[in-house]
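> Before we start, here is the structure in question, set down as structure tokens.
The values are calculated or read from the model by the stated rules, or taken from the named source; none is laboratory data. Note that this is a predicted model, so its numbers are computed, not measured. Every residue, glycine among them, receives a Cβ derived from its backbone with ideal geometry; neighbour counts consider all protein chains shown. Just so you know, the surface numbers come from the protein's heavy atoms only, side chains and all, with ligands and any DNA or RNA stripped out. Shrake-Rupley method; radii C 1.70, N 1.55, O 1.52, S 1.80 Å.
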Amino acid sequence: MAENQGQREPGWFGEWPMLLAVLGLMIVGVCYIYSASHTGQGVSTAAEDVSATQVSLGQWLRQDHIKQGLGYLIGVGFILGLSLVDYKLLARWSMVAYGGSILLLLLVPLVGIEVYGAKRWLSVGPINAQPSELAKLSFILALANFLSRPEAELKQSQTFFRAIGLTSVPFVLILLEPDLGSSLVFLPVALVMMFYAGIRTRYLKRIVLGGGGIVLFVVLNVVYAPPDWRIPFQEYQRYRLLVFFNRPFTADLPSDASEAEVKRMERLERDKRYNIDQALISVGSGGVTGKGFGEGPQNALGYLPR
């Protein structure tokens, strides 16, 4: 009996602080989505001017906060079902799930649907699915299973390189969609998992320093290098970096550039800065306490982009 004292309650039911935190975030998320989608004219998918008794079931289900709530219910049901499955069974099928997600990622450039210039979705009837989201979950399961090995094996260099290989495949496939944001999720997740599993820290330090150096070089090259010396990058990615580092778009123009060209680049900079400018206006005008629930002016006045 003494040996069991101080041990945590088994199962996810014993993780009540984390569960309460997640539940709180879910509630806040639904409230914020309701606040954001029910202020402006023509912004919400619901008919705001129609009373609740007059709104049809289809209109009701199309409201963003309702869809989010239904997604939460499906997710919670999935978690409850998954908690009843022996983790050994999950480990046994983790590589199958990983392989299936890689297959789906390979299908994206072939049969995926293009949205705003990027192919990231697969369409199955009325359902559009993003394989990169499935890849995140299956990758975590597969890497966790792979790293569940004796300490002596974890210290071997080949184990580290194989773990990097598991990480690189979905990373590259998602990066090519292109979806830089989703692909970058894999790197810190893999490094943290390898660190806690017991991979030699000198390997991890080298990859962090090497990766940090590459990132620094790419940023400096894209933002400050002359056009002939730049690494080939997607234009939208370069514009994001220029906006993030507050680099004037006109800085790359030659000294003898025409006034029309200067004005064109200034208009382009205003267009690319639109999102961040609206965010600054929203935060600045709201101050510490905000405008109030459902009173966001940028949304109400139709200033938010798609």
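> Answer with yes or no whether residue 213 is farther than 30 Å from residue 111 by Cβ, modelled with pLDDT under 95 and surrounded by fewer than 17 Cβ atoms within 10 Å (Cβ to Cβ).
Yes.
> Same structure, new question: Quick check on region 288-304. Is at least one of its residues closer than 30 Å to residue 30 by Cβ, open to solvent by 50 Å² or more (accessible area, probe 1.4 Å), in contact with a Lys or Arg (Cβ under 8 Å, 6 or more places away or on another chain) and touching a residue at least 12 places away in the same chain (Cβ under 8 Å)?
No: region 288-304 contains no residue that is closer than 30 Å to residue 30 by Cβ, open to solvent by 50 Å² or more (accessible area, probe 1.4 Å), in contact with a Lys or Arg (Cβ under 8 Å, 6 or more places away or on another chain) and touching a residue at least 12 places away in the same chain (Cβ under 8 Å).
> Hey, any hits in region 136-143 for a residue that's touching a helix residue (DSSP H, G or I) at 6+ places or on another chain (Cβ under 7 Å), farther than 28 Å from residue 203 by Cα and open to solvent by less than 60 Å² (accessible area, probe 1.4 Å)?
So far as region 136-143 goes, no, none of its residues is touching a helix residue (DSSP H, G or I) at 6+ places or on another chain (Cβ under 7 Å), farther than 28 Å from residue 203 by Cα and open to solvent by less than 60 Å² (accessible area, probe 1.4 Å).
> Has region 259-278 got any residue that is at pLDDT below 90 and of a type in the set (Gly, Ala, Ser)?
Among the residues of region 259-278, not one is at pLDDT below 90 and of a type in the set (Gly, Ala, Ser), which makes the answer no.
> Consider residue 224 against the criteria (1) open to solvent by 60 Å² or more (accessible area, probe 1.4 Å); (2) out of contact with any Lys or Arg (no Cβ under 6 Å at 6 or more places or on another chain); (3) over 28 Å from residue 280 (Cα atoms): it satisfies all of them except one. Which criterion is unmet?
Just one mismatch for residue 224, condition (3).
> Which count do you get for residues in region 189-210 that are among the aromatic types (Phe, Trp, Tyr) and open to solvent by less than 40 Å² (accessible area, probe 1.4 Å)?
The number of residues fulfilling the criteria is 1.
> I've got another one for you. Could you list, in sequence order, all residues of region 149-181 that are within 23 Å of residue 110 (Cβ to Cβ) and without any contact (Cβ under 8 Å) to a residue 60 or more places away in the chain?
Residues satisfying the conditions are 168, 171, 172, 175, 180, 181.
> Moving to a separate point now. Which residues, counting only those in region 88-117, are in a helix (DSSP H, G or I) and touching a strand residue (DSSP E or B) at 6+ places or on another chain (Cβ under 8 Å)?
104, 107, 108, 109, 111
> Please specify each residue of region 149-171 satisfying the condition of being under 13 Å from residue 195 (Cα atoms) and surrounded by 12 or more Cβ atoms within 10 Å (Cβ to Cβ).
Selection gives 154, 155, 159, 160, 163, 164.
> Which residues, taken from region 74-108, are more than 21 Å from the chain's Cα centre (by Cα), open to solvent by 90 Å² or more (accessible area, probe 1.4 Å) and not basic (Lys, Arg)?
84, 87, 93
> Just a yes or no: is a residue in region 68-86 over 27 Å from residue 139 (Cβ atoms), modelled with pLDDT under 85 and hydrophobic (A, V, I, L, M, F, W, C)?
no
> Tally up the residues in region 247-267 that are assigned to a helix (DSSP H, G or I) and surrounded by 14 or more Cβ atoms within 10 Å (Cβ to Cβ), please.
Matching residues across region 247-267 total 5.
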